Structure formats: C-alpha cells, structure tokens
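Presented below is the structure to which this report refers.
The values are calculated or read from the model by the stated rules, or taken from the named source; none is laboratory data. Remember, predicted model here, so these are calculated numbers, not experimental data. When we count neighbours, we look across all protein chains shown, and the Cβ atoms used for this are built from the backbone with ideal geometry, even at glycine. Accessible surface areas use protein heavy atoms only, side chains included; no ligands, DNA or RNA. Shrake-Rupley method; radii C 1.70, N 1.55, O 1.52, S 1.80 Å.
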Amino acid sequence: MAFNYDKYLRVDKMPTLWCWGCGDGVILKTVIRAIDKLGWDMNDVCVVSGIGCSGRFSSYIDCNTVHTTHGRTVAYATGIKLANPDKHVIVVAGDGDGLAIGGNHTIHGCRRNIDLNFILINNFIYGLTNSQTSPTTPQGMWSVTMKRGNIDPTFDACKLAMGAGASFVARETMIDPKKLEKILVKGFQHKGFSFFDIQSNCHINLGRKNAMKNAMENLEWIDSRTIPLKKWEALSDEEKETKFPTGVLRQVEAPEYCESYEMVIEAAQGKRGKITQADFEK
C-alpha cells in the first residue's frame, strides 16, 4: 500500500517551489517517513528552517513550524526546546545557512549538546541566491564568487560537529532514501544534539555550471565521493582524503542541555545548592 504523505503535508502549498529533481523533496519525504515510524504526534513536532532552498522546508510540513532569519535556526530552536523540553525539535538548514553565517550557532548547539535534530542539507553551493561559494564548495569548482575556480579550503561538516561536541553525528546522501530514513530514526531517538550531514544535489546552480549536465550526473558525482563507514575505514590514509564516510560516525552519551538547565531552575528555587563541576562528572 502506498505511503500517505498528505496527512503530514500542507497540501494547499503543493506543488513545491523546488526545482525539478531537487534533493530537498526526497529529504522532506524521508523526514516524514522517519516521524511516522517513530509514531510522533505532529502536534509535538516543531520544524525550524532558515533562509535558502532548505528554508522552504517549514512551509510544506504540517506541524509547528518557524521560518527564521538567515543563520539563526539553532538560536531559535534552542529557545523553543528550552521552553518545551518534551517536544521534538527538528532544525533544517543549508550548508551556507548552517556553516557560514550560522556556523557560530551550529557549533554552540553541538557544544551544549541540546536535544535538537539538526539536518544540514549540503548541496555545496548557495543555491537559492544563484551560485555563490559556500563553506562546502569543493576547491576548483566554479561559482559566481569564484569564477576562476574556488580556492577556499572546504569544511568537513561532520568533523566540525564532532569537534564541537555533538553526541550524535551521521552522514548520508539522498540517493538512497531507505538508508537515510534509518539514519534519521536513529538520530531522532538519540538524547542530545543529533547532526546529520545529508549530501544532496543542486544540479541547476552547481551541477550544470561544473560539467554535470543534469541531475543524474550531479547524483553520480555525489555517489562517487561517498562510501560506507566500514569500507572507508579500510582505505589508505591517502584514499580517505578523497572520500566522505557515510553512516553513524559518532554516538555517545553526554549530559543533555535541557536536563542540565533543570539544575539551574532547582538552584534558583532553593531546592539544591550551587552547581559544581562534580555534577558533570557522574
């Protein structure tokens, strides 16, 4: 029996404004399937998105939604989660939104380990604003701000998240929605900051301007750069430099920020003494 997406969507907003073949639609459907598998009530879900193609995510999914200013998704989501710690908060941002202007908020969300699900739709370019270099644009690629080829070193988004302290970090592509769904379910169940680097295509503003003539060629390029974690671990150090491992790259238990904040509330109410380092060494 076909999956009924309509009950999770604002069908009056259909069709989407995304380009034909855009990976954002695949990711939207996969997020919906993960929510459905977990049995979450959509009244208990809040999706926070920013600016860019990924910013439209909150327009189409039928739950509590906030469409925020550029780069501020994690800041808004942090306030929402602290005020509603029992709710499920999903953040959706692009690589420019989440790693450039919003990079500061992203690393501190990771550092605090607040229970947010951060979905980075990584298409290696500022897509909506017509092809500026983003923090993940590969070196040598054309963009409107690097017309002779990008010279900026690129971020490995997952290494950044792990270095900043996220307790769940995963990478997958939108090429295999079933694999992506499994990764999202695992991360959504995790208590703490869950970071997903989802590599996706922008065949209009990245692909066809960099010798990839259509969506399939863009997807083949992404597929050529990614490899399951176990296979990646068997590569030589030199080979690892040219491949991105997929799967769950990190999952650890760590103090969650909303739970830690309860200690602040209890201290203010006189129910406990001053918070000390020993409270985090248990």
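Data for the structure
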| quantity | calculated |
| --- | --- |
| Filter pass, PHE188 being of a type in the set (Phe, Trp, Tyr), touching a residue at least 40 places away in the same chain (Cβ under 8 Å) and either on the phi > 0 side of the Ramachandran plot or not in a helix (DSSP H, G or I) (or both) | no |
| Residue check for ALA161: among the small types (Gly, Ala, Ser) and without any contact (Cβ under 8 Å) to a residue 12 or more places away in the chain | no |
| Residue in the stretch 184-208 that is most open to solvent (accessible area, probe 1.4 Å), counting only those that are among the aliphatic types (A, V, I, L, M) and within 21 Å of ASP97 (Cβ to Cβ) | ILE204 |
| Residue in the stretch 110-122 that is touching a residue at least 24 places away in the same chain (Cβ under 8 Å), in contact with a strand residue (DSSP E or B) (Cβ under 6 Å, 6 or more places away or on another chain) and either assigned to a loop (DSSP other than H, G, I, E, B) or over 26 Å from ILE80 (Cβ atoms) (or both) present | yes |
| Check on LYS213, part of a loop (DSSP other than H, G, I, E, B), surrounded by fewer than 13 Cβ atoms within 10 Å (Cβ to Cβ) and free of Cβ contacts under 8 Å to residues at least 24 places away in the same chain | yes |
| Given (1) free of Cβ contacts under 8 Å to residues at least 60 places away in the same chain; (2) surrounded by 13 or more Cβ atoms within 10 Å (Cβ to Cβ); (3) acidic (Asp, Glu), index of the condition GLU281 fails | (2) |
| Residue in the stretch 166-175 that is of a type in the set (Ser, Thr, Tyr), touching a residue at least 60 places away in the same chain (Cβ under 8 Å) and open to solvent by less than 60 Å² (accessible area, probe 1.4 Å) present | yes |
| Extreme residue, modelled with the highest pLDDT, among residues of the stretch 31-51 that are of a type outside the set (A, V, I, L, M) and crowded, with 24+ Cβ neighbours inside 10 Å | SER49 |
| Residue among PHE124, PHE155 that is of a type in the set (A, V, I, L, M, F, W, C) and open to solvent by less than 60 Å² (accessible area, probe 1.4 Å) | PHE124 |
| Members of the stretch 139-152 that are farther than 14 Å from LEU99 by Cβ and open to solvent by 20 Å² or more (accessible area, probe 1.4 Å) | GLN139, GLY140, MET141, TRP142, VAL144, THR145, MET146, LYS147, ARG148, ILE151 |
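So that you can scan it fast, the table gives a plain yes or no per residue for (1) over 15 Å from the mean Cα position of the chain (by Cα); (2) at positive phi; (3) of a type in the set (A, V, I, L, M):
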site: LEU9; (1), (2), (3): yes, no, yes
site: LYS13; (1), (2), (3): yes, no, no
site: TRP18; (1), (2), (3): yes, no, no
site: GLY25; (1), (2), (3): no, no, no
site: ILE35; (1), (2), (3): yes, no, yes
